[in-house]
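The structure appears right after this line, and notes come after that.
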Amino acid sequence: MTEQDAAGELEARLTEQDSFEPPESFVEQANVSDPGIYEEFEENWPGAWERAADLLDWESGYDEVLDDSNPPFYEWFTGGELNASYNCVDRHVAEGRGDEAAIEWVGEPTEEDDRTYTYAELQTEVEEFAAALRELGVEEDDVVTLYMPMIPELPVAMLACARIGAPHSVVFAGFSADALATRMNAADSEHLVTCDGYYRRGDPLDHFEKASEGLAGVEHDVSDVVVVDRLGDDGFGHDLADNHHDYDDLVADHEGASVEPVTRDAEDMLFLMYTSGTTGEPKGVKHTTGGYLSYAAWTSHAVLDIKPEDTYWCSADIGWITGHSYIVYGPLALGTTTVMYEGTPDYPNEDRLWEIVEEYETTQLYTAPTAIRAFMKWGAEYPEQHDLSSLRLLGTVGEPINPRAWKWYYKHIGGEDCPIVDTWWQTETGGMMVTTLPGVGDMKPGSAGPALPGVDARVVDTKGDEVEPGRAGYLTVDKPWPGMLRTLYNNDERFVSEYWTEYSDTESSDAEDWVYFPEDGAKIDDDGYITVLGRVDDVINVSGHRLGTMEIESAIVGVEGVAEAAVVGGDHDLKGEAVYAYVLTEDGHDGDEDLREEIIEGVEDAIGPIARPEAVVFTPELPKTRSGKIMRRLLEDIANGEDLGDTSTLRNPSVVDDIQAKVSED
Ligand code: WTA
């Protein structure tokens, strides 16, 4: 057989193979490799969750693992006391590991020096900034908003907040000024940390201007704004107001400060994270100190297989939950080295990530299917230019991964030698819920895997009965878990109505009668492997980012001349889903190019460029049922060019042909 034939045969085998064993060499060294772990959690539930709590240092031990006396307001590790900043930083220094790297930060400009924070350096800066925040008047339980890109001052600020017991609310830097204002208003947050700007594809980007615009929309007094000088001479020369402070000055003023980590109850809030839901208002997901941190650490240990000596890299943005749990809290709690990269994967070249993997001898890479689809499109020659043999494990998160992309990742990045964990979870779950354990279970491309030990995920029909393997149904989680959200900030009612009504007996005070509904569709196979099919609510998933159609619609309707709008997700090769907007103008006529531009701008202003519509389709009417409900399914099918089937239940069936004609024009 020639070499070419052999390669072809290998390729064919990979294409057909639908189950992969974890490599022996991986299993031998894995943090978790005993299949008995599933049984252990089943037999000793919730007691086995002590395994997670045991990964942390507690100032005082908890009385109870789980208090489920008032569902769905569960409490974990009740009575326990701890501090997250202590757990992520001080204890590693105290163990004599102060000289080891905590954060390896890589800026976008290749000529700029990378920055390494050892654990000792991280502790120093966290204490200095914590002292500064205190001096600015930040008190325990005040919400501090962090509107920052991927610069090291962001994790420093998060940990400084945690140190003094002030919950942070990180707002993704790519979000608009309006989005910042909405979040600061909702959290009643009087303190903001932001920066002058950052680099995007070679150009400095003015972030401070956006932050200032956002501040103008905050309805209460903002007592202080801290500004990190990221751009130096490339900055935009903004003047700082009286209540604006330069980050470096503040830290210098508190040089050598020592700030004792405050004692927090396990159930005290660690942070808020706003995420999109079915209504226009983002939801303020509340995570706690004990349960969240235990869960982030446990899943980092069991699924990402993180060890202190690793150089681990999650390429998400800290502005999303993935970055919170798996760039900052999980990895640092385990005392490893976490890599942080400011830029995009294709700048200055499409091999940038592989260059970083090679340079830092990265041991794990955790990224998103949307990125993997882009790598595939760019071609295997980019990873082939680099030595990726340091990699031991690969992970994906954010959206379903198709088997073809999975296999490409497995072969071209992992060299067929790294297990892949396809991890299903949400902002609300705090950490991973459904995935294989890389040292235990076989992988099936396209299927996330079984629920983690102790996680009671099921696939059910509309009545809540488990569906037959292979049939589509809805994902539910029938038991609580430590990393779960505790409520929606200041809105217990919405917390119950959003997640706990479909499948729960809301009258019952018995935890058994309460079921968490994540609003995802799924199917399960005979081995209990779950394939997540996607959202079943009005949330779309663009490049792994969650966007509420209502939020986008309300931005569009806010544009002058627009009467009505319906937004749906249409399939997209790279982004997974893309935003399709169907718009009705006030005068009922076709909108022009100007209006199209204004609509696109309106969406970018209200949310950010990630929500930019792929297509704006003007239509004289929206397809509605006889009762006046917009037929979103139909609009999705139109966006995807699919066969529409029976449209006779529509109040206005003729509109469909009109819209279809327009979409195919575009
Ligand atoms: C989707 C991101 C399929 C899902 C951590 C979920 C996934 C939403 C996967 C949460 C996966 C996340 N396979 N779908 N491995 N991971 N999702 O809150 O629809 O930004 O409900 O959290 O992303 O998005 P969020």
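Ligands, DNA and RNA left out, the 1.4 Å accessible surface of the chain is 41% carbon and sulfur atoms. Gain on full extension, evaluated as 0.36 nm per residue between GLU361 and ASP248 minus their Cα-Cα distance, stands at 37.6 nm.
Evaluate E = 1/(1 + (r/R0)^6) for GLU16 and ASP234, where r is the Cβ-Cβ distance and R0 equals 51 Å; express this FRET efficiency to the nearest 0.05.
Efficiency, from the Cβ-Cβ distance: 0.50.
Rounded, prolate or oblate for the range 158-217? Axes are the square roots of the Cα gyration tensor eigenvalues, ordered a ≥ b ≥ c, and the cut-off for rounded is a/c under 1.5. Here the range 158-217 falls in the oblate category. What does the C-alpha gyration tensor say about the overall shape of the chain? Classify as rounded when a/c is under 1.5, otherwise prolate if a/b is larger than b/c, or oblate. Here the chain falls in the rounded category.
Pairs from the list LYS210/LYS624; LYS411/LYS479; LYS377/LYS624; LYS407/LYS523; LYS283/LYS307 with a Cα-Cα gap above 27 Å: LYS210/LYS624; LYS411/LYS479; LYS377/LYS624; LYS283/LYS307. Rolling a 1.4 Å probe over the heavy atoms of the protein chains gives the chain an accessible area of 39 Å² per residue.
Since only VAL170, ALA130, VAL143 are under comparison, the one whose Cα sits farthest along the positive direction of the charge dipole of the range 124-262, derived from C-beta charges on Lys, Arg, Asp and Glu, is VAL170. The calculated FRET efficiency for the pair GLU64 and GLU560, based on their C-beta separation and a Förster distance of 51 Å, comes to about 0.35.
Per-residue SASA remark: ILE37, around 10 Å² accessible (1.4 Å probe; ligands, DNA and RNA not included).
The antiparallel fraction among DSSP beta bridges confined to the range 124-262 stands at about 20%. Taking the Cα centre of the range 124-262 as reference, the dipole from Cβ charges on Lys and Arg (+1) and Asp and Glu (-1) amounts to some 680 debye. The trypsin sites (Lys or Arg not before Pro) found in the range 460-499 that occupy coil by DSSP, while having at most 15 further C-beta atoms within 10 Å, are LYS463, ARG471.
The calculated FRET efficiency for the pair ASP5 and GLU95, based on their C-beta separation and a Förster distance of 60 Å, comes to about 0.65. Backbone amide hydrogens, once placed in the peptide plane, bring ARG264 within less than 5 Å of LEU82, ASN83, excluding anything fewer than 5 places away on its chain. How far is it, in nm, from the label point at ASP590 to the one at LYS624 when both lie 7 Å from their Cα along the line to the Cβ? Here the modelled spin labels are 2.4 nm apart. If the segment from SER33 to GLU213 were pulled out straight at 0.36 nm per residue, it would be longer than the present Cα-Cα gap by 59.7 nm. For the range 163-221, trypsin sites (Lys or Arg not before Pro) are listed when DSSP marks them as loop and at most 14 other Cβ atoms sit within 10 Å of their Cβ; the list is ARG201.
Volume per residue of the convex hull around the Cα atoms, evaluated for the range 124-262, comes out as 97 Å³.
From largest to smallest, the equivalent ellipsoid semi-axes obtained for the range 538-665 from the alpha-carbon gyration tensor read 21, 18, 13 Å.
The values are calculated or read from the model by the stated rules, or taken from the named source; none is laboratory data. These figures come from a predicted structure and were not determined experimentally. Reconstructed Cβ throughout: ideal geometry from the backbone, glycine too, with neighbour counts over all protein chains shown. Note: areas computed on protein heavy atoms with side chains; ligands, DNA, RNA excluded. Shrake-Rupley method; radii C 1.70, N 1.55, O 1.52, S 1.80 Å.
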